[in-house]
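Structure, as structure tokens:
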Amino acid sequence: MDKRRVVVTGLGAVTPLGNSVSDTWDGIRNERCGIGPITLFDTTDYAVKIAGEVKNFSLSDFGIDRKEARKMSRFTQFAVAAACEAVKDSGVNHF
């Protein structure tokens, strides 16, 4: 079995605690909770009223225009934003 090495060159995160790695770590260090009332849809007909929602998120903050963002599902937008942050954090700029 071959053992391969992995090198993490950059980090990116979109979480209920923050929309970047630094915001997320700040939330963890300050013992904030990302769980709260569900705001993205009406929960009247549901037993569960709380969740870990991503708040104040806009893909335009990561350099992607609104027209492109509308073509993506919400979870894809989170992945693109985290990937953009990871590439920027890595310092790799020859794509």
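Observations, loosely collected:
- Taking GluC sites (Glu not before Pro) across the stretch 37-95, none is in a DSSP loop with at most 11 further Cβ atoms lying within 10 angstrom of its Cβ.
- Across the stretch 52-64, computed HN-Hα scalar couplings (Karplus, 6.51 cos²θ - 1.76 cosθ + 1.60, θ = phi - 60°) run x, 7, 7, 10, 6, 9, 9, 5, 5, 5, 10, x, 9 Hz from first to last residue, x flagging Gly and Pro.
- Full-stretch length increase - R66, A83 - with 0.36 nm per residue and alpha-carbon distance subtracted: 4.4 nm
- At a probe radius of 1.4 angstrom, the accessible area of the chain per residue rounds to 80 square angstrom.
- Computed 3J(HN,Hα) for the stretch 32-42, one whole-Hz value per residue from the Karplus formula 6.51 cos²θ - 1.76 cosθ + 1.60 where θ = phi - 60°, is 6, 10, x, 8, x, x, 5, 10, 7, 7, 6, glycine and proline marked x.
- Rounded percent of accessible protein surface that carbon and sulfur make up, the stretch 1-91, 1.4 Å probe: 55 percent
- Residues whose amide H lies under 5 Å from that of A51, counting only those 5 or more places away or on a different chain, are G36, I38; hydrogens are built 1.01 Å from N in the peptide plane.
- Our helix-only sum for the chain, with -39,500 (n - 2.57) per DSSP H run of n ≥ 4 divided by its residues, gives a mean residue ellipticity at 222 nm of -9500 deg cm²/dmol.
- Interchain or long-range residues, amide H under 5 Å from T15's placed H: S20
- Cα-Cα P(r), the chain, percent of pairs per 10 Å interval: 14, 35, 32, 14, 5, 0
- Cross-link partners of K71 among aspartates and glutamates, defined as those whose alpha carbon lies under 17 angstrom from its own and excluding same-chain residues fewer than eight positions apart: D61.
- All lysines inside 30 Å of K67 as judged from Cα atoms, apart from same-chain residues fewer than 8 positions distant: K55, K88
The values are calculated or read from the model by the stated rules, or taken from the named source; none is laboratory data. Given the structure is predicted, the values throughout are model-derived calculations rather than measurements. Using ideal geometry, Cβ is built from the backbone for each residue, glycine included, and neighbour counts are taken over all protein chains shown. Note: areas computed on protein heavy atoms with side chains; ligands, DNA, RNA excluded. Shrake-Rupley method; radii C 1.70, N 1.55, O 1.52, S 1.80 Å.
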